[in-house]
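Asks: Provided herewith is a single structure, encoded as structure tokens, for subsequent inquiry.
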Amino acid sequence: MVSLKYRVATYNAISAKGLERFPAGGYIVGRAIAHPDAILLRSHALQLSEIPASVKAVGRAGTGVNNIPVEAMSQRGVPVFNAPGANANAVKELVFAAILAAARNVVPAAQYVKELAAGDGYEARVEEGKKQFAGHELPGRTLGIVGLGAIGGLVADTAIKLGMKVLGYDPDITVDNAWRLPSAVKRAASIDEVMKHSDVVTLHLPLNDKTRHLVDSKRLAHSPGRLVLLNFARDAIVEEAAVLKALSEKHLRMYVTDFPSPKLAAHPGVLALPHLGASTEEAEENCAHMVVDQLRAFLEEGAVANSVNFPSVEMARESPHRIAIANANVPNMLGQISTTMAQAGLNIHNMVNKSKGEMAYTLVDLDSAADPGLIERIARIPGVLSIRTVPPLAADK
């Protein structure tokens, strides 16, 4: 077999246990590596200037990809991978820590005790002061969940086990996620219905053009004054000025967010946390494991799974001579590619082609090797975005 070494440039601190899944015999992994084949990162805001032409894939050890120029990568024919669901349990646990903290007024109560001066009558003042922090229990309360993916589904299941009622809304829910939802989840017809009929609302949506400022002044006006709003998804899903206005007008009792700002942190009705959602050792390992495996599968076999801009593609390897092609999803692309191969005297042993939106991706196993001239001719076909040979990794992987 060909002795290959792929180069992976890392940004941020990636879980060491995750990086161990790159075999030493086939990969060089580290920061500031020149001419990398792939980039692996967490929250680093990746700039186009940091992505050399050698990059074949970008992996995000997390869910959101707003810190990656995905559209530009699509134009280059470069897949962007993420790790959906890998940090779901960590976020779920923090959501319920926040729900309980809000229900029992834990933070202001702890602050009260911390600021209480020692001296005569200390115990009596503690007892007297606790009255202002009386809270409520969760059974019978309604939790509204907007977004019923991996995290939202876990939150719903836990809430039901704690005796809460659950009202859910997700117009884009997948069939798999719908099957995983507990039957006790009541389906809402709109976000406004969730806001109006819930004691607590938690958001679990990606940030895109449809969800930016999804929760604004108009939506918050539907909420009862008792409402606690949680945002462990993305900051811009909630309009900050609208939250501050709703708090001042008593439409909102409390806002708990993982995305602090000076104005939010200063408001007594806001509990702002420093991006703790996925900050557990287990979540970081899970995310790194998932995305490392996905990068390896793509680099070594051309397979695609959990890409935000490419279709999922997998094909059992039946030949050492494999080509991977990304192209615009337009008519006759596959015909032009196969014709060019036939003109070069190459026989296609096996092929799979799938599309996702404007992107299409093809894996081709050939009975004999393709020379550089053929690769160049296919690359010149209008609409072909990227093409590479996928030689098998050496046996020491």
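The values are calculated or read from the model by the stated rules, or taken from the named source; none is laboratory data. Computed from a predicted model, the values in this text were never measured in an experiment. Here Cβ is always computed from backbone atoms with ideal geometry, including for glycine, and neighbour counts include all displayed protein chains.
Asks: For segment 282-316, how many residues are touching a Phe, Trp or Tyr at 6+ places or on another chain (Cβ under 9 Å) and not small (Gly, Ala, Ser)?
Replies: Qualifying residue count, segment 282-316: 15.
Asks: Please find, within segment 251-300, the residue that is nearest to residue 201 (Cα to Cα) out of those that are at pLDDT 95 or above and of a type in the set (Ser, Thr, Tyr).
Replies: 255
Asks: While we're looking at this one, here's another question. Tell me whether segment 343-350 contains one or more residues that are of a type outside the set (S, T, N, Q) and within 23 Å of the chain's Cα centre (by Cα).
Replies: no
Asks: Across segment 117-134, what is the total count of residues that are in a helix (DSSP H, G or I) and farther than 22 Å from residue 252 by Cβ?
Replies: 10
Asks: May I ask you to list the residues in segment 1-27 that are in contact with a strand residue (DSSP E or B) (Cβ under 7 Å, 6 or more places away or on another chain), of a type outside the set (Ser, Thr, Tyr) and either crowded, with 18+ Cβ neighbours inside 10 Å or at pLDDT 95 or above (or both)?
Replies: Correct list: 7, 8, 9, 14, 19, 22, 26.
Asks: For segment 237-267, enumerate the residues that are part of a strand (DSSP E or B) and closer than 17 Å to residue 225 by Cα.
Replies: Scanning segment 237-267 gives 254, 255, 256.
Asks: Look at residue 138 and say whether it is in contact with a helix residue (DSSP H, G or I) (Cβ under 9 Å, 6 or more places away or on another chain) and either in a strand (DSSP E or B) or in contact (Cβ under 8 Å) with a residue 40 or more places away in the chain (or both).
Replies: Here the answer is no, as residue 138 does not meet what is asked.
Asks: Out of the helices (runs of 4 or more DSSP H) lying entirely within segment 1-116, which hold 3 or more residues that are in contact with a helix residue (DSSP H, G or I) (Cβ under 8 Å, 6 or more places away or on another chain) and outside the structural domain of residue 301 (by TED's automatic domain parsing)?
Replies: Correct list: 88-103, 106-115.
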